[in-house]
Amino acid sequence: MTADKEEKKTNQEMIDSLGDEHYEAQEKKRRMKFAAFVIVLVILGGFLLFFDNILGYFTSGGAKGPGQIDKEGARIYKISDTERQATLAKIKKMIDEGKIDEAKVQILNLLQKDVSPEAHFLAGTVYLRQGNIKGAYDHLKDATRLKSNYIEAQQKLGEIYVMVGDYKAATETASLLTKKPDYLSDGLLLESEVALGQGNLDLALRKAQDAFSKSRGGASTKHIVYLANIYLQKGDRINSAKLVKSIDQTGLDAEGLLILAKYYLAAGDEGRATSHFRDALQRYPDNPEVQYTYGQYLFSRRKFPEATVHYQKALKALPNVQIIAYHLGQSLLAAGEKAKAKALIETMLSKDPNNILAWRLKTQYHLASGERRAAIETLNQIKQYIPDASASYALLSELYLQDGVTSLAEINAQKALTLGDKSISPQMVLGDVYFRRGQYDKASAHYEKVLQLQPNNLAGLLQAGDAYLNLGQVDKAEASYRKAMIIYPNVDFIQTKLARIKATRGDRAGVLAVARQYFQNHQGDAKAVAEYANALALNNQLDNAVEIVSKGIKKKPNDWFLHYVLGDLYLLKRDVNSASQSYSRAASLNPDDMNLAMNLATRYNQAGMIREAEAQYLRAYKRAPQNMPIVNEVAWYFIDTRNSPQQAKEMVEILKIKGEGANEKDTVGWYYFNINDFKSAEYYLREALSLDTGNSIIRGHMALLLAQTKREKEAKAEAQIIINNLPAGKLKDRVGALVPKAGK
């Protein structure tokens, strides 16, 4: 941010930052990859189970005979009851025989003539069979609206809710099922799936056990293996194995063979798993589920080209089952076949523009292509289709955080939590959002929630420690770092965190000793060199720090980070020319790193090297005109730092169209304020405040706008509230002038 949005670093702060920016840049890249991985992992885990359930619907019966409609007039009668019953029976038979396309035509024709809950139920069933989750959801919801106690429809909706991560709705559905004696076992099993999805293995186990004990007619092979898998996840291999041994494995059909194969994979017995897979392939070569599941197995073993072959065979047999197309697309992306994946996505969307699977695959395509903004747009599209699925909001919060749009990261993370998301992702995002804003008390509270869910989470322990350190709670910070070191003894850089504890307590010699040891153990590591230089500078040994980094450069002359660190050291020595040379060398060695360009621009600006700073800002903008945080920062530089808003006009036009976050809208508002277009300024500043109501900078701008437009009373009231929260700088001075006594 600018001088008003962030105070200039002191020499001490610059010393503390040596090495951090490199680590944070690497961590940012890691988290971007992690978000993409989470998308794949969540969908893979959910849909693999769900596909089994879908196939089960069409081998075990499906819809029961039509019942009475609860509300008078809910059904639109255009055909006789006899004709309706015959048509529904005919369509059900088509579904049972796998004639899904024919069934779809017939059921849609029926719905044009006769709207009934049974017809919508079969339509939902057909769409499920085709993998069209949105279509299935709509028809099943219509079925339950027409017949509120339509338990079969509620049952299938429950599975959809679990799959998309809408655990609140799934729990409500399970509650409905458990109130019906005939569906008690199904309701308990759904509650188990919800608990499993939320990571509560103990509850998932209890509910599954209750479901089996109350199951009428005994548990199926699928349900026995489901329970065995929960035992397996809890580390109870004895009870898990007992359950599987209770299964009569003679004469197993294709589904039974596949279920056992997947169980043995989870148990780490690849020999038995592959034996069951080979048996299934040999006995049922034309079975699409066999081909599909074996493709899943190959995909999990990173044999992507081979997996693609089996997915293609499955899709050929079931061309309209979009879940197969979805996993084929995943396999193509993993194999580097982006063009083929893109063509597949376009085909899926041409068949059904509302295909949720195609949109999710499109999200992964954009992430694989490094198109994070496009991935965000696609996820927002998914939100429109299924607005109550917490998983989409959690993933969006991750991506917005990576994109630097903290206001929308916060909004989406909070929405995920409101919808019942129990994963660590939204808590971690909120912790990081508040940490970046300097609200360390809020940040630490969210990191602690992460640690309640995962007590040994490394990022949670380290981030909590950093938050406590910034709060001055040194003992708590040290406890977090030491716990991390005990759990992860091979992660050496945690030592550097403990070194900062020593620095906070004034033990500079102790800091130097730790950093020297770390450096001796990792002499080829640029971060170790930077940490040692940091400690030397902290002990007023700047010349020795320069010497250490210079030696590192002689060993690794093309390591841009070392040149960058050397530039910082020269800046501390007030040797601006040498600093500029080192920074220029770093930029030439790493020309595509726009974060580096922005960091260099900030340093040049702080050193009073305006021409160099402007060159770096413009370089970053020209290389990354679609990167909203960069466009925003460069626009802000010209508007606020250089007092030259006209130079930011082109960037502001981009921000007006593509800038979603509070900071971007604040920049646009501040631009209009500075060119005296107060009406436009107020519009964008109020939009910014609606996204981030607690932002003192934005409220400071609003206070000045109110004063400029002769609303002095409102301006003074606003200024009085936020004056003490503003960082030192010209904005605080201007706002302070509205209330001279404030802050004194």
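The values are calculated or read from the model by the stated rules, or taken from the named source; none is laboratory data. Remember, predicted model here, so these are calculated numbers, not experimental data. Heads up, the Cβs are rebuilt from the backbone with ideal geometry, glycines too, and the neighbour counts pull from every protein chain shown.
For this structure, a couple of remarks:
- Residue in the range 314-321 that is polar (S, T, N, Q), modelled with pLDDT under 90 and surrounded by fewer than 24 Cβ atoms within 10 Å (Cβ to Cβ) present: yes
- Candidate set: the range 495-522, residues that are polar (S, T, N, Q) and either surrounded by 21 or more Cβ atoms within 10 Å (Cβ to Cβ) or without any contact (Cβ under 8 Å) to a residue 24 or more places away in the chain (or both); chosen: the one farthest from Gln541 (Cα to Cα): Gln495
- Single residue of Ser240, Ser220, Ser215 found to be of a type in the set (Ser, Thr, Tyr) and over 24 Å from Tyr294 (Cβ atoms): Ser215
- Hey, Asp559 surrounded by fewer than 21 Cβ atoms within 10 Å (Cβ to Cβ), in contact with a Gly (Cβ under 8 Å, 6 or more places away or on another chain) and closer than 29 Å to Tyr481 by Cβ or not: yes
- Any hit, the range 420-428, residues being surrounded by fewer than 20 Cβ atoms within 10 Å (Cβ to Cβ) and either modelled with pLDDT of 85 or more or among the aromatic types (Phe, Trp, Tyr) (or both): yes
- Unmet requirement for Asp666, which otherwise passes all of (1) within 23 Å of Leu596 (Cα to Cα); (2) surrounded by 24 or more Cβ atoms within 10 Å (Cβ to Cβ); (3) of a type in the set (D, E, K, R): (1)
- Count of residues meeting criterion [in a helix (DSSP H, G or I), touching a residue at least 40 places away in the same chain (Cβ under 8 Å) and within 20 Å of Pro285 (Cα to Cα)] in the range 306-335: 4
- The condition of being basic (Lys, Arg) and in contact with a Gly (Cβ under 9 Å, 6 or more places away or on another chain) holds for only one of Arg603, Arg574, that being Arg603.
- Residue satisfying all of: in the range 245-269; surrounded by fewer than 22 Cβ atoms within 10 Å (Cβ to Cβ) and among the hydrophobic types (A, V, I, L, M, F, W, C); nearest to Ser185 (Cα to Cα) among these: Ile247
- Test: residue in the range 114-126 that is within 31 Å of the chain's Cα centre (by Cα), more than 27 Å from Asn287 (Cβ to Cβ), touching a residue at least 12 places away in the same chain (Cβ under 8 Å) and not in a helix (DSSP H, G or I): no
- One residue stands out among those in the range 599-644 that are touching a Ser or Thr at 6+ places or on another chain (Cβ under 6 Å) and not small (Gly, Ala, Ser): the one that is farthest from Ala587 (Cα to Cα), which is Asp640.
- Which listed residue, of Ala579, Ala587, is under 24 Å from Pro625 (Cβ atoms) and modelled with pLDDT of 90 or more: Ala587
- Residue within the range 555-563 that is more than 13 Å from Tyr604 (Cβ to Cβ) and touching a Ser or Thr at 6+ places or on another chain (Cβ under 7 Å) present: yes
One line per residue, one yes/no per condition, for (1) touching a residue at least 12 places away in the same chain (Cβ under 8 Å); (2) of a type in the set (A, V, I, L, M):
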| site | (1), (2) |
| --- | --- |
| Thr641 | yes, no |
| Ile654 | yes, yes |
| Ile675 | yes, yes |
| Thr693 | no, no |
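- Among (1) in contact with a helix residue (DSSP H, G or I) (Cβ under 9 Å, 6 or more places away or on another chain); (2) surrounded by fewer than 16 Cβ atoms within 10 Å (Cβ to Cβ); (3) modelled with pLDDT of 90 or more - the single one Lys554 does not satisfy: (1)
- From the options Ala266, Ala261, Ala307, Ala273, residue that is within 28 Å of the chain's Cα centre (by Cα) and either over 30 Å from Gly370 (Cα atoms) or aromatic (Phe, Trp, Tyr) (or both): Ala266
- The helices (runs of 4 or more DSSP H) located wholly in the range 336-445 that include 1 or more residues which are under 26 Å from Asn132 (Cβ atoms) and touching a residue at least 40 places away in the same chain (Cβ under 8 Å) occupy 356-368, 372-385, 390-402.
- Some residue of the range 493-515 being small (Gly, Ala, Ser), out of contact with any Cys (no Cβ under 9 Å at 6 or more places or on another chain) and not in a helix (DSSP H, G or I): yes
- Residues of the range 214-259 satisfying the condition of being polar (S, T, N, Q) and in a helix (DSSP H, G or I): Thr221, Asn229, Gln233, Asn239, Ser240
- Residue within the range 191-213 that is among the β-branched types (Val, Ile, Thr) and touching a Ser or Thr at 6+ places or on another chain (Cβ under 7 Å) present: yes
- Failed condition for Lys338, given (1) modelled with pLDDT of 85 or more; (2) out of contact with any His (no Cβ under 6 Å at 6 or more places or on another chain); (3) buried (at least 17 other Cβ atoms within 10 Å of the Cβ): (3)
- Any chance Asp492 is modelled with pLDDT under 90 and loosely packed, with under 15 Cβ neighbours inside 10 Å: no
- Residues within the range 545-573 that are without any contact (Cβ under 8 Å) to a residue 12 or more places away in the chain and part of a helix (DSSP H, G or I), tallied: 3
- Residue list for the range 420-469, restricted to those being on the phi > 0 side of the Ramachandran plot and over 17 Å from the mean Cα position of the chain (by Cα): Gly438
- Residue-level analysis places Gly235 outside the set of residues that are within 32 Å of the chain's Cα centre (by Cα) and touching a residue at least 40 places away in the same chain (Cβ under 8 Å).
- Tyr292 falls short of the stated requirement of being free of Cβ contacts under 8 Å to residues at least 60 places away in the same chain, crowded, with 17+ Cβ neighbours inside 10 Å and on the phi < 0 side of the Ramachandran plot.
- Test: residue in the range 534-544 that is assigned to a helix (DSSP H, G or I), modelled with pLDDT of 90 or more and over 30 Å from Val474 (Cα atoms): yes
- Any chance Thr693 is hydroxyl-bearing (Ser, Thr, Tyr), surrounded by fewer than 17 Cβ atoms within 10 Å (Cβ to Cβ) and at pLDDT below 90: yes
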